[in-house]
Amino acid sequence: MEEKRFVYADNAATTPVAAEVLNKMMPYLTGEYGNPSASFYGLGQRAKRAIEEARGNVAQVLNASPKEIFFTGSGTEADNMALRWFMHSETARGRKKLLTTTIEHHAILHTAKALEKEGFSVVYLPVDNYGTLDLNALENAIDEDTALVSVMTANNEVGTIQPVEKIGKICHEKGVYFHTDAVQAFGHIKLDVKAMNIDLLSLSGHKINATKGVGAIYIRSGLALEPLITGGGQEKNRRSGTENVPAIVGLGEAARLKGLNMERESAYVTSLSKSLQEKILKTIPQTVLTGHPENRLPGNSSFAIAAIEGETMVMDLDLNGICAATGSACSTASLDPSHVLLAIGLSHETAHGSLRITLDTQNTPEDVDYIAERLAEIVKRRRAMSPVWKEQ
Ligand SMILES: *Cc1c(COP(=O)(O)O)cnc(C)c1O
């Protein structure tokens, strides 16, 4: 048996900051501390230029114009801006209905709930057992009161990628606007806001090897909007507050690197995940892959493992130096398992055995072997102690 290793396999929760990203940020954490709004001297102008370079880099990965990118304090803030700003804006044309799905991140779902309290109506569209939105259901749900459709590009728990291009097309044919929470997808799969008919898109730094506490929103040019945060008028008055220059520079560099390397990286990470899935499904009986078998994020492997609690697995994996996640109950301080697992049709019992392993570029084939081997041991040992386990 191998020595204990440290394997970070929770890259959907956050990613480590890349060395190139930190290097690019360092000057702005030290000598280049100017306020980007201080435009009368070089120190301020250089900070401003650094932000504009980052904006260009983010725009390029999306096939957007730099004018359409606005930096925010997080992916959550971008999601809030997209929904709240939009529903209250002139662009909503007085329409009161928001369509979204049952499997969105809480940044969307809890914002939608808040909008309901403000008098808007929200329809939560169901997904199939793979977590894919039914396009007919979407088409039928859009009516003359619908202002906005918000569907995530890819799911953070089960990894399923939505048919975003088709969703955008339906929205535009029906004359409604389309927002997508691309926090999990940005930098990991190819996105093109023009080809995909996207009007609003949210992204975040810390899911692509930049720092936490920085995100961005793409807003198609021509959309009128009210600012979520008012003040000094930064970000063309859409998001006031002195810019977090180092974090924005880091996000820009991370985006640039993802743009350059996406194809190669996603092929590599996909091969790691496929190998992990094969090993786990082969060695651990009564285990299923959750989410779509093919249309899924390169790094996402999510499972439902019978007769074992997700939080038990995660804690046992931690004792072996492995960081992973579960959508099962106790870990989230709520009594119910994850809304996503229930929405894709898992029973409470099955959802309790959920395990999410998310790999990224820093992981290796040795990590995959180690995770698969340790997980098989853990499940075997726990099941042997379990009164409900019956091997078939
Ligand atoms: C992480 C995540 C968010 C939130 O982004 P933060 O920058 O952590 O606020 C939103 N949506 C999805 C799908 C995510 O995975």
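The values are calculated or read from the model by the stated rules, or taken from the named source; none is laboratory data. Nothing here was measured: the structure is a model prediction, and the numbers come from that model. Positions of Cβ are generated from backbone atoms using ideal geometry, with glycine treated the same way; all protein chains shown enter the neighbour counts. For accessibility, only protein heavy atoms count, side chains too; no ligands or nucleic acids. Shrake-Rupley method; radii C 1.70, N 1.55, O 1.52, S 1.80 Å.
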Taking R0 as 56 Å, what's the FRET efficiency between A19 and A141 from their Cβ-Cβ distance, rounded to 0.05? 0.75
Under 17 Å from the E52 label point (7 Å along Cα→beta-carbon), backbone N, segment 231-247: 234-237, 243, 245
Averaged per residue, the 1.4 Å probe accessible area of the chain, protein heavy atoms only, in Å², is roughly 43
Using just the C-alpha positions of segment 37-107 as equal point scatterers, what log10 of I(q)/I(0) does the Debye formula give at each q in 0.19, 0.20, 0.28 1/Å? -0.96, -1.00, -1.17
Most to least accessible of E3, E265 (protein chains only, probe 1.4 Å): E3, E265
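GluC sites (Glu not before Pro), restricted to segment 351-392: which are DSSP loop and have at most 12 other Cβ atoms within 10 Å?
Answer by residue number: E391.
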Could you give the alpha-carbon Rg of the chain over 2.2 N^0.38 Å, rounded to two decimals? 1.02
Please give the FRET efficiency for S121 paired with S240, using the beta carbon to beta carbon distance and R0 = 35 Å, rounded to the nearest 0.05. 0.70
Between E226 and E90, with labels modelled 7 Å along Cα→Cβ, what's the label distance in nm to one decimal, could you check? 1.3
So, R0 is 41 Å and r is the distance between the beta-carbons of D134 and L43; what FRET efficiency does that work out to, to 0.05? 0.15
Heavy-atom accessible area of Y124 with all protein chains present, probe 1.4 Å, nearest 10 Å²? 60
Potential lengthening between N295 and E173 on full extension [0.36 nm per residue; Cα-Cα distance subtracted]: 41.5 nm
Could you give each residue of segment 189-200 its phi-based ³J(HN,Hα) in whole Hz, using Karplus coefficients 6.51, -1.76, 1.60 with θ = phi - 60°, and x for Gly or Pro? 10, 6, 10, 9, 5, 6, 4, 9, 6, 9, 9, 9
With labels modelled as points extended 7 Å from the Cα through the Cβ direction, what inter-label distance (nm, one decimal) is found for H348 paired with D192? 4.7
Rounded to the nearest 10 Å², what accessible area does M262 have for a 1.4 Å probe in the complete protein model? 30
Separation between the R264 and E3 pseudo-spin-labels, each 7 Å from Cα along Cα→Cβ, expressed in nm? 3.0
Contact order relative to length for the chain, counting C-alpha pairs under 8 Å separated by 6 or more residues, stands in percent at 22
How large is log10 I(q)/I(0) at q = 0.09, 0.13, 0.20 Å⁻¹ when the Debye formula is applied to the Cα atoms of segment 176-320, each weighted equally and without solvent? -0.42, -0.79, -1.27
Over all distinct Cα pairs, what is the inverse of the mean 1/r for segment 193-273, reported as the Kirkwood hydrodynamic radius in Å? 14.7
What is the antiparallel percent of DSSP beta bridges lying wholly in the chain, to the nearest 5? 50
Would you tell me the accessible area of S354, worked out with a 1.4 angstrom probe on the heavy atoms of the protein chains, in Å² to the nearest 10? 10
With Rg and the Kirkwood Rh both taken from Cα atoms, where does Rg over Rh land for segment 190-235? 1.02
Helix-derived mean residue ellipticity, 222 nm - over the chain, DSSP H n ≥ 4, -39500 (n - 2.57), to 500: -12000 deg cm²/dmol
When the chain is treated as a Gaussian network with springs between alpha carbons less than 10 Å apart, the largest mean-square fluctuation among A351, A18, A267 is found at A267
Tell me the Rg and the Dmax, in Å, that the Cα atoms of segment 1-73 produce. 17.5, 64
Which percent of the accessible area of segment 19-258 is formed by carbon and sulfur heavy atoms (probe 1.4 angstrom)? 52
Over 31 Å between C-alpha atoms is what I'm after, so list which of K274/K390; K4/K190; K48/K212; K67/K166; K67/K96; K24/K113 land there. K4/K190; K24/K113
